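Please treat every number below as a calculation from the coordinates, not as lab data. Just so it is clear, the structure is predicted and the values come from calculations on it, not from any experiment. Please note: Cβ atoms are built from the backbone with ideal geometry, for glycine as well, and neighbour counts cover all protein chains shown.
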Amino acid sequence: MPTSQNMYQVVIKGNFVCAIEPISSNDTPIRSGTPLEIGTQLATNFSISGTIDGVYAFQTTSQAQEFAVLCLQFGKALLDRRLKIIEELPPNFKSYFSDEQPAQDA
């Protein structure tokens, strides 16, 4: 693993990118890895908590920026899917829960 010096972290909270920042040598080291390892960490976070929240480390600003864009595209896809479901709710539906089908009867 590279040293924390000259690395960058992407901080995600509530499925939103909150920061892309350099990691100084005084910061607590965070786990970095290959794109596959970082992608696996992202998928694990999502399966456990329903979010992609976490702090992800990269060796360059361009890697961090590319990852941040992918995270935001992922979040946008989740929002677009939910928007479509809500727009297609039947008239007089009883309820909507994001992880369940809405009650169809009035």
Which of the peptides 60-67, 74-81 is most tightly packed, and how do the rest follow, judged by the mean count of other Cβ atoms within 10 Å per residue? 60-67, 74-81
Can you give the FRET efficiency for Glu88 and Lys13, using 1/(1 + (r/R0)^6), R0 = 30 Å, r = Cβ-Cβ distance, to the nearest 0.05? 0.50
Taking the alpha-carbon distance from Lys76 and a cut-off under 21 Å, which lysines remain once sequence neighbours fewer than 8 residues away in the same chain are dropped? Lys13, Lys84
Which of Ile86, Ile48, Ile12 has the fewest other C-beta atoms within 10 Å, and how do the rest follow up to the most? Ile48, Ile86, Ile12
